[in-house]
Structures are given as C-alpha cells and as structure tokens.
1. State yes or no: is E176 assigned to a helix (DSSP H, G or I), loosely packed, with under 12 Cβ neighbours inside 10 Å and of a type outside the set (G, A, S)?
2. Yes or no: region 131-145 includes at least one residue that is more than 14 Å from R46 (Cα to Cα) and in contact with a Ser or Thr (Cβ under 8 Å, 6 or more places away or on another chain).
3. Please find, within region 147-169, the residue that is surrounded by the most Cβ atoms within 10 Å (Cβ to Cβ) out of those that are among the polar types (S, T, N, Q) and under 22 Å from R46 (Cβ atoms).
4. For region 107-130, what are the residues that are within 18 Å of the chain's Cα centre (by Cα) and surrounded by 18 or more Cβ atoms within 10 Å (Cβ to Cβ)?
5. Where in region 1-112 are there helices (runs of 4 or more DSSP H), lying fully within it, with 1 or more residues that are free of Cβ contacts under 8 Å to residues at least 40 places away in the same chain?
6. Given the criteria touching a Leu at 6+ places or on another chain (Cβ under 8 Å) and assigned to a loop (DSSP other than H, G, I, E, B), does I131 qualify?
7. Return the residues of region 31-49 that are crowded, with 16+ Cβ neighbours inside 10 Å and of a type outside the set (V, I, T); say none if nothing qualifies.
8. Considering only residues that are aliphatic (A, V, I, L, M) and modelled with pLDDT of 95 or more, which ones fall in region 1-42?
Amino acid sequence: MTPELLKIYQDVSSSTIGHLTDFGFLKGLKPLYRPIRFVGNAVTVRIPHLDSTAVHKALELARPGDVLVIDMSGDVERSCWGGIVSYAAQVKGIAGAVIEGCVNDFGEIAEMRFPVYSLGVSPLTTRILGIEGEVNTAISICGVSVNPGDLVLADDDGVVVLNPQLAVGYGQVAMEKQSKETAVKRKLDQGIPLASISKAHTFF
C-alpha cells in the first residue's frame, strides 16, 4: 500500500465507506474503548486456538504503522492478546490490532491506549507452545477474507478491510463526499429539507 493511499484514509470515516460498499466490514467486533482510530497495512496471523506463538512472530516481522489481524480459528472464548503483547506492539509502532477472538488485561491495555478491536474480554488465554501457526497468509475474519497488505481502517463506528486497488477509488469518493457535508449543513440551516438535498423526495 502506498503512503499516498494511507494519507487519504487518515481522514476517511469507516461509515463513509459504508455508503459505497457492503463488503469488507468486520461485523461483530467491538473496540476495547472509544474514541479509537487506526489505519494501516494488514499483517495477517492464523493461530490454532490455544497456541499464540505466531502472534509473537508477527510482532517481530511487522513494521511501524502495520495492523495485526488475527484469525483464532473460530475460538471466541480465549484471549491471544494481553498487556505485554500490547506493550510490545506499542514499542514497535504497530497501529492497532484486530482480533476475531478475545483480549485480556483490559485495564492495562486501555490505560496505555493501545487500539484493539476484538470480540470481547476473557481471562482464558493462549500459550506459547509452537504447535503451528501462520503469518502473512490469507485468513478469514467475521466472514471477510483478509490478505496481507490489505488496508485496515478502524474508528468509533467499526472496522473495514479493503483491497488496496479498490481502496483508491473508494477513498477518493469518500473524501469528496465528506467535503460536501459542510455545504449540506448550511442548506439545512437555511431550512431546506434533507429529502430535497439528498433527492430522496424524487422517490415519493
């Protein structure tokens, strides 16, 4: 992903992308706290439920500004991400983490303000066992295919993952759409109905 694309998405809202496509949204994941916002390249990780060895390896391979996206193979009750892992990620300059599973050490992570999206919080954790795991492979999160290098945008409204080639077009349209909101508010202040501004009145 190019620096220019990342720059565009620094100002794009996930819900603006939601006006443009139904695909790529990780439904069911929640932020550990709000306000929250991060954007970056996906470093994908797949672990086998109990063993989070690959998460530690991914932290070693990831570059500053990357987002770790973790597939826990359907385990919705166990945590693979806690306070020490968050601290290591923060030191490395990781932009955030997206986990289809749980986290632990809620207070510690919230205090350091490391941004995480997950299914929830759990005291049941993974271990470092070296059984198996994969880094930078195609994974599935909440029914969405995520590939290494995909654009990950997370904010207070949710998380969306986009192929970089598609993200270029969406990003440009989203910026244009957001830039028009000030003008729309001015019209509303003037008493012009929203249905007239949006052309919704043409359907009734």
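The values are calculated or read from the model by the stated rules, or taken from the named source; none is laboratory data. Note that this is a predicted model, so its numbers are computed, not measured. Here the Cβ positions follow ideal geometry from the backbone for every residue, glycine too, while neighbour counts run over all protein chains shown.
1. Yes, satisfied.
2. No, region 131-145 contains no residue that is more than 14 Å from R46 (Cα to Cα) and in contact with a Ser or Thr (Cβ under 8 Å, 6 or more places away or on another chain).
3. Kept after step one, since they are among the polar types (S, T, N, Q), are these residues of region 147-169: 147, 163, 165.
Checking the rest, the ones that are also under 22 Å from R46 (Cβ atoms) come to 147, 163.
Details: N147: 15, N163: 17.
Filtering first and then ranking leaves N163.
4. Once the filter is applied, which keeps residues that are within 18 Å of the chain's Cα centre (by Cα) and surrounded by 18 or more Cβ atoms within 10 Å (Cβ to Cβ), region 107-130 yields I109, F114, P115, V116, Y117, S118, L119.
5. On the way: elements: 3-9, 14-17, 53-61, 83-92, 106-112.
Hits in region 1-112: 3-9, 53-61, 83-92, 106-112.
6. Spelling it out, I131 is indeed touching a Leu at 6+ places or on another chain (Cβ under 8 Å) and assigned to a loop (DSSP other than H, G, I, E, B).
7. If the condition is that a residue be crowded, with 16+ Cβ neighbours inside 10 Å and of a type outside the set (V, I, T), then P31, L32, R37, F38, G40, N41, A42, R46, P48 are the ones that fit.
8. Correct list: V12, I17, L20, L26, L29, L32, I36, V39, A42.
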